[in-house]
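Some notes on the structure that comes next.
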Amino acid sequence: MSDTTAGLLQVGLLLVALAVCYRPLGAYMARVYTSEHDSRVERAIYRVIGVDSRADQRWPVYARSLLAFSAASMLGLYALQRLQPHLPMSLGFPGVAPDQAFNTAASFVSNTNWQSYSGESTMGHLVQMSGLTVQNFVSAAVGMAVAVALIRGFMRSRTERIGNFWVDLVRGTLRILLPISVVGTLALIALGSVQNFSSGTTVTTVSGNSQTITGGPVASQEAIKELGTNGGGFYNANAAHPFENPNALSNLLEIFLLLLIPVALTYTFGRMMKDQRQGYAILAAMASLWGLILVGISALEAAHPGTALKLAGAAMEGKETRFGEAASALFATSTTGTSTGAVNSFHSSFTELGGGLTIFNMGLGEVSPGGVGSGLYGMLVLAMVTVFIAGLMVGRTPEYLGKKITAREIKLVSLYILTSPVLVLAGTGLAMGLDSARASMLNPGSHGLSEVLYAYMSAGNNNGSCFCGLSANTGFYNTSLGLVMLAVRFIPIVLVLALAGSLARQQPIPANAGTLPTYRLLFVGMLVGVVVIVAGLTYFPALALGPLAQGL
């Protein structure tokens, strides 16, 4: 079988698996978030934390609850890392340094999972399980809760109530993420992923040296890291490590897991809005962007210019031979388009333009199809920009899903769109202006700029993957990237919740002959264009100085 055929077969199997799960999972998630019944376990949790599950919250209360929970989570994770040598199952590792503990806590709480450390030589099993893995669950549930709150903003009228954060958090964790993760964990174990509490096995290498190979609860962390679009690996090599991702089938399963919820949430959106066409339109825009990026990266990596690359059959530097170019391009496209950040190859070793496309994909705002929850609410925000532009073109007050897009909504949307580019470009500029920060670059010139730009693009879009050339474990990068991750996660979340509250107060407007149909291909095409122009081209000057300059 040729490499091209194998690549197309992988994509086909992935799309079939997603199509099979799309409607059942999307409908199930809609029932989870609209049900009035609490399970016995959920009622016990609400009693412990003192929450009335029947009491909906105004958006400021919803936002304060979310921020308070995230702040407590960050303090708890920071403390676990600092106190590691005094905890059981620490494997003898010392406490994590203050700046790195801050960076890691900010990273996992913000669903970014940027890692400036090697997990197998830094974190003991307890911190990996009760710290990092727990945050993989709850940070993903937070993103889903915000997406559902925004949907309620469109659904409801003449109210300021957008749901109960604690109920959304608990249900998303217990009813959606946990069951699927258990199934995913068992599947990964069956395929060869490691799951134990081994402190390490010392072996003799081919060269005669000794090496300690660390085991641990790998499969359980791997499942939720993909399902929750988190991305933080148990090992430094992430999903390129055979203990995390043993073979081609486990690789396909991991790609399926990281795409599953962001794709199915579009069905949830349509079901909750009682107009499934709206969900299909959002899915079509997401799929178009994902497909275009996949074709671009695959073609650039398969073109293999140069003698060495022609002999290898593709641009194979930095790629696992057990996956090859096609599976690496598929993983790279999916991980940079879903804010996952997991990698099965090293993007710094991609061709110049191929690596540039991974940066561009993140720069789209993580909406192709985006992170768990964040992809949907990000695309809905851009859909509001689209109807606003269309309204200006025909001289009508813009409407979306029966709600007017007034000056207040546009101000919130504009602030949302500007947050990430301002932080990414300011952080990159500051790093390039400091000698100490530039010293962390592995390569000089345009490729070195790409390393720094990728780091801030990853942090500034809550992705978490790295270009793997930048030595980011320094005080400057740990602090600056940590601050960027927190700001770009929680400022947009507050703006989205404010937007949900503003929409919920409005009275629905019935559709008429002048209403733009937001479920047709014309709107899908306009939405894709807005994403590329408004979000993507913001970074064009920086891309021109980095990967484009190197590639051309």
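Quick notes on this structure:
- Verdict on Ser458 being polar (S, T, N, Q), part of a helix (DSSP H, G or I) and under 17 Å from the mean Cα position of the chain (by Cα): yes
- Filter result for the condition that a residue is open to solvent by 40 Å² or more (accessible area, probe 1.4 Å), among the aliphatic types (A, V, I, L, M), closer than 19 Å to Leu80 by Cβ and within 24 Å of the chain's Cα centre (by Cα), over Val109, Val134, Val138, Val127: Val134
- The C-beta contact set for the stretch 535-552 (first residue more than 13 Å from Gly355 (Cβ to Cβ), second residue buried (at least 19 other Cβ atoms within 10 Å of the Cβ) and among the aliphatic types (A, V, I, L, M), distance under 6 angstrom, 6+ apart or interchain) comprises Ala535/Leu364; Gly536/Leu364; Ala542/Leu453; Leu545/Leu449.
- Leu418 vs. criteria more than 30 Å from Ile255 (Cβ to Cβ), in contact with a helix residue (DSSP H, G or I) (Cβ under 8 Å, 6 or more places away or on another chain) and open to solvent by 30 Å² or more (accessible area, probe 1.4 Å): no
- Restricting the stretch 197-224 to residues that are part of a loop (DSSP other than H, G, I, E, B) and open to solvent by 60 Å² or more (accessible area, probe 1.4 Å), the residue that is nearest to Ile180 (Cα to Cα): Phe197
- Residues of the stretch 327-355 that are out of contact with any Lys or Arg (no Cβ under 9 Å at 6 or more places or on another chain), open to solvent by 10 Å² or more (accessible area, probe 1.4 Å) and in a helix (DSSP H, G or I): Ser348, Glu352, Leu353.
- Scanning the stretch 376-406 for residues that are closer than 21 Å to Glu366 by Cα and of a type in the set (Ser, Thr, Tyr) returns Tyr377, Thr386.
- Of the set (1) touching a residue at least 40 places away in the same chain (Cβ under 8 Å); (2) open to solvent by 70 Å² or more (accessible area, probe 1.4 Å); (3) not in a helix (DSSP H, G or I), all apply to Thr397 but (1).
- Of the residues making up the stretch 57-77, those that are open to solvent by 60 Å² or more (accessible area, probe 1.4 Å) and in contact (Cβ under 8 Å) with a residue 60 or more places away in the chain are Arg58, Leu67.
- The number of residues in the stretch 340-375 that are of a type in the set (Ser, Thr, Tyr) and under 30 Å from Val146 (Cβ atoms) comes to 4.
- Restricting attention to the stretch 495-533, the residues that are within 30 Å of Arg58 (Cβ to Cβ), open to solvent by 40 Å² or more (accessible area, probe 1.4 Å) and either without any contact (Cβ under 8 Å) to a residue 24 or more places away in the chain or part of a helix (DSSP H, G or I) (or both) total 1.
- Leu483 vs. criteria over 28 Å from Trp59 (Cα atoms), in a helix (DSSP H, G or I) and either open to solvent by 30 Å² or more (accessible area, probe 1.4 Å) or not β-branched (Val, Ile, Thr) (or both): no
- Comparison of Leu9, Leu15, Leu80 shows that the only residue that is within 21 Å of the chain's Cα centre (by Cα) and of a type outside the set (Gly, Ala, Ser) is Leu15.
- Some residue of the stretch 233-253 being surrounded by 24 or more Cβ atoms within 10 Å (Cβ to Cβ), acidic (Asp, Glu) and not in a loop (DSSP other than H, G, I, E, B): no
- Identification of helices (runs of 4 or more DSSP H) wholly contained in the stretch 77-164 with 2 or more residues that are modelled with pLDDT of 95 or more yields 98-109, 134-155.
- Only a single item in (1) assigned to a helix (DSSP H, G or I); (2) open to solvent by 90 Å² or more (accessible area, probe 1.4 Å) is not met by His37, and it is number (1).
- Pair list, Cβ under 7 Å, 6 or more apart: the stretch 460-475 residue under 15 Å from Ala487 (Cβ atoms) and at pLDDT 90 or above, other residue open to solvent by 30 Å² or more (accessible area, probe 1.4 Å) and outside any loop (DSSP other than H, G, I, E, B): Gly460/Leu423
The values are calculated or read from the model by the stated rules, or taken from the named source; none is laboratory data. Note that this is a predicted model, so its numbers are computed, not measured. FYI the Cβ positions are ideal-geometry reconstructions off the backbone, even for glycines, and counts take in every protein chain you see. These area figures cover heavy atoms from the full protein model, side chains too; ligands, DNA and RNA do not enter into them. Shrake-Rupley method; radii C 1.70, N 1.55, O 1.52, S 1.80 Å.
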